Amino acid sequence: MTCAACVNRVEKKLSRLEGVTATVNLATGRARVRHPPGVLVDELVATVEKAGYTATLPEPPAPQRSEPAAGLTAPVADEGDRLLITALLAVPVLVLSMVPALQFRHWQWLCFALAAPVAVWGAWPFHVRALRGLRHSASTMDTLVSLGVAASFAWSSYALFLGGAGEPGMRMPFTLFPDAPDGMAHVYLEATVGVPLFVWAGRFLEGRARHGTGAALRSLAQLAVREVSVRESGRERVVPLEQLLTGQEFVVRPGERIATDGEVVEGDSSVDLSLVTGESEPVGVGPGAAVIGGSVNVGGLLLVRATAVGSETRLARVARLVADAQAGKARAQRLADRVAGVFVPAVLALAVGTLGFRLGSGGAGGAQAAITACVAVLVVACPCALGLATPTALLAATGRGARLGVLVGGPKALEGLRHVDTVVLDKTGTLTSGRMAVIRVTAVPGGLGEVAALRLAGAVEQGSEHPLGRAIVARARGEEAGSALPAVTGFRAVAGRGVRGRVDDRVVEVGAPSPDGALPAALADALTSAEANARTPVLVRVDGEAMALIEIGDAVRPGSYRAVHTLRRLGVRPVLATGDAEGPALAVATELGIEEVHARCTPEDKAALVRALRERGHRVAVVGDGVNDAAALAAADLGIALADGTDAAIGAADVTLVRTGVEALADAVRLARRTLATIRANLVWAFGYNLVTVPPAMAGLLNPMVAAAAMSASSLLVVGNSLRLRAWQPSPMPRPRRR
């Protein structure tokens, strides 16, 4: 396919089959087809071939596969070879035609000898596709280029052999505007070679650019490793990744990439998730922690049990989401494709009309001026830019979004993000971590201090399996920068009261505060605050004296406050809807500055809330991570899921946030707005270019060679504008001040 008219034709042919719908993407050369079981794949391929094109089923990308021509795809490399030979033949013709001082005796015949191979071999793919389209009663960009080259070469041949232009000593000045003041038939061999040269150059650069926009998807495929060290019965053996089975244990050494999704069995380390989820800082992992395939082990030796392999891994799902997103179309591009379907026949009609009118009117220049104007119309109006306006922007944006931890489900999701004005946020697991953690430690003034009290409490809690105890141990180990906590002797757990033991010759008790027990003022205030914020208070006593109060709760995720603040600045109103009790919900809402709160919501309540907001005219997005959010996600204008949430939530969502937490949500909104602005600019240029250039071409004011350069430049401008999205960075927002 070479232009939007090709896309429109293939889609029409496929959609004429009963029950078949098709979306064709010019930039990727792929079609997404939905068909009933009764329509076989062979029939779909045959339909495409009857339309004048070829089709094959896509093959899974091979990881780390070498690519031809320094990373270019094979079609682009072939076009590069044809471009090189065409340029070697065409450049002397262009120079001699444009610089009269270099025109020696019989120069025109040398130009003819060089131009003939270009007109035949250099433009052969255009001629073949044009004839193929003619057999199917179709016209595309190739039709315009083929006719333009054939017409200019035919006229030049006539001028040389019959029109007097072959006389020795003939000179021809070069002008931007077609002109023949001496009445002699001029040769337009520069147009004959210039049209295919500029079109091939544009195609080659477009191919490189489109290859670059798909770099994100290829890089995801290349994150997979080829071999993995499997440990069985205490021995290691290296096997191909394809032979790794769920449940098998494999070794990941420092600096190696983790082969697949799994759970750490042994070892402590940090993993770099930057290429997978966009996380900027390495994340610490230990026994029981989940790890993602494709991430890099930057610390110690790990033994990992595989929990997902092949197409079920997080990396494979991310790649599928990106690929699916790049196959879609925005509403504006569908309009452009429909316009392109009638545009090429209209241009052919205009070219024939221009030729007939100028010949019939007997205007200045006669047949030469008429043919020149006809060729200029054919060449300048190629609708390449129309077909590339949306796909290239979408390729670049989805790839950039994947790098930023935002997976967009396609153009509809981008358009939805652009217009969202209300976002309904779940609390547990979305704004908060969804697990117990130490929120705050308050120590008695003049006592042991927060760090020492937490260290003693963590030492005692090492023997406890209670979630509160595990939270204290995790925080204590973090405060100790990974060093081991002191040993405990005489450990004893008292049901409903807590634990006690001896640490460093001190009796340490960790448990719930006594309802009628007196506390120092600082701890009493901390207890009141913990109860007001629906947190669990844990009192630390050392040798019978109250030394610290530890507040444990579902901690707000890092970045949640900044995300909510940024959404408000973007004009998006946050709403909190949670199944949790009113106290914890209000505490989180107050901390994040969310004014509208709905607590104790069932899944049906959340879906009803979304419907009510939509009925009031709001464009609603829902962010969630659990099964209880799936109904609301599906009911919203736009569903947004967290990648570490449940499959039900991800399946019902249009956008998936791969980075931890919701901080990427604001980036997603801004990326969507920038992408749609880029698409609009591309389409305005693509339509405007033809509106501006076709009339001068019809009036005979445009040299065919200049027309070819302008046509190629328009496509390059569209692709270049889209490529700017690859380097897009969310502008830093002012640092919010907490209330």
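Going residue by residue through the range 693-709, is there one that turns out to be in contact with a strand residue (DSSP E or B) (Cβ under 6 Å, 6 or more places away or on another chain) and either outside any loop (DSSP other than H, G, I, E, B) or at pLDDT below 85 (or both)? Taking every residue of the range 693-709 in turn, none turns out to be in contact with a strand residue (DSSP E or B) (Cβ under 6 Å, 6 or more places away or on another chain) and either outside any loop (DSSP other than H, G, I, E, B) or at pLDDT below 85 (or both). One residue stands out in the range 422-457 among those that are farther than 23 Å from ALA546 by Cα and among the basic types (Lys, Arg): the one that is farthest from the chain's Cα centre (by Cα), namely ARG435. Looking across ARG16, ARG30, ARG34, one residue alone is among the basic types (Lys, Arg), more than 27 Å from GLY310 (Cα to Cα) and modelled with pLDDT of 80 or more. It is ARG16. Which of the helices (runs of 4 or more DSSP H) contained wholly in the range 345-443 include at least 3 residues that are modelled with pLDDT under 85 and under 30 Å from ALA577 (Cβ atoms)? Once the helices (runs of 4 or more DSSP H) in the range 345-443 are filtered for at least 3 residues that are modelled with pLDDT under 85 and under 30 Å from ALA577 (Cβ atoms), what remains is 384-403, 411-419. Of the residues making up the range 571-581, one or more are of a type outside the set (Val, Ile, Thr) and under 30 Å from ALA453 (Cβ atoms).
Against the conditions (1) at pLDDT 90 or above; (2) surrounded by 18 or more Cβ atoms within 10 Å (Cβ to Cβ), ARG82 satisfies every one except (1). Every condition in (1) at pLDDT 85 or above; (2) farther than 17 Å from VAL658 by Cα; (3) in a loop (DSSP other than H, G, I, E, B) holds for GLY255 except the one numbered (1).
Which of the residues that make up the range 562-574 are surrounded by fewer than 19 Cβ atoms within 10 Å (Cβ to Cβ) and in contact (Cβ under 8 Å) with a residue 60 or more places away in the chain? Within the range 562-574, ARG562, ARG569, LEU570, GLY571, ARG573 qualify. Selection of first residues in the range 153-174 that are outside any loop (DSSP other than H, G, I, E, B) and of second residues that are among the polar types (S, T, N, Q), restricted to Cβ pairs under 6 Å at least 6 apart or on distinct chains, gives the following pairs, ordered by first then second residue: PHE153/THR192. Is it the case, given these coordinates, that LEU539 is part of a helix (DSSP H, G or I) and either free of Cβ contacts under 8 Å to residues at least 40 places away in the same chain or within 54 Å of the chain's Cα centre (by Cα) (or both)? Criteria not met by LEU539. Per the conditions (1) surrounded by 22 or more Cβ atoms within 10 Å (Cβ to Cβ); (2) in contact (Cβ under 8 Å) with a residue 40 or more places away in the chain; (3) not charged (D, E, K, R), the sole criterion not satisfied by ALA476 is (2).
At pLDDT below 65 and either part of a loop (DSSP other than H, G, I, E, B) or touching a helix residue (DSSP H, G or I) at 6+ places or on another chain (Cβ under 8 Å) (or both): is that true of LEU217 in this structure? Yes; evaluated as a whole, the condition is true for this residue. Based on what the data block shows, is ALA474 modelled with pLDDT under 85, within 49 Å of the chain's Cα centre (by Cα) and part of a helix (DSSP H, G or I)? So ALA474 passes the test. Take the residues in the range 421-454 that are among the charged types (D, E, K, R) and surrounded by fewer than 22 Cβ atoms within 10 Å (Cβ to Cβ); name whichever of them is farthest from VAL597 (Cα to Cα). Going through the qualifying residues, I end up with GLU450. Taken over the range 135-145, residues that are under 14 Å from CYS6 (Cβ atoms) and in a helix (DSSP H, G or I) amount to 5. Against the test of being at pLDDT 90 or above, surrounded by fewer than 13 Cβ atoms within 10 Å (Cβ to Cβ) and closer than 28 Å to SER139 by Cβ, the options ALA119, ALA46 yield a single qualifying residue, ALA46. Read through the list (1) part of a helix (DSSP H, G or I); (2) at pLDDT 80 or above, then give the number of the only condition that GLY447 fails. Every condition holds for GLY447 apart from (1).
Taking the listed residues VAL538, VAL588, the one that is buried (at least 22 other Cβ atoms within 10 Å of the Cβ) and assigned by TED's automatic domain parsing to the domain that holds VAL507 is VAL538, with no other qualifying.
The values are calculated or read from the model by the stated rules, or taken from the named source; none is laboratory data. This is a predicted model, so every value here is computed, not measured. Every residue, glycine among them, receives a Cβ derived from its backbone with ideal geometry; neighbour counts consider all protein chains shown.
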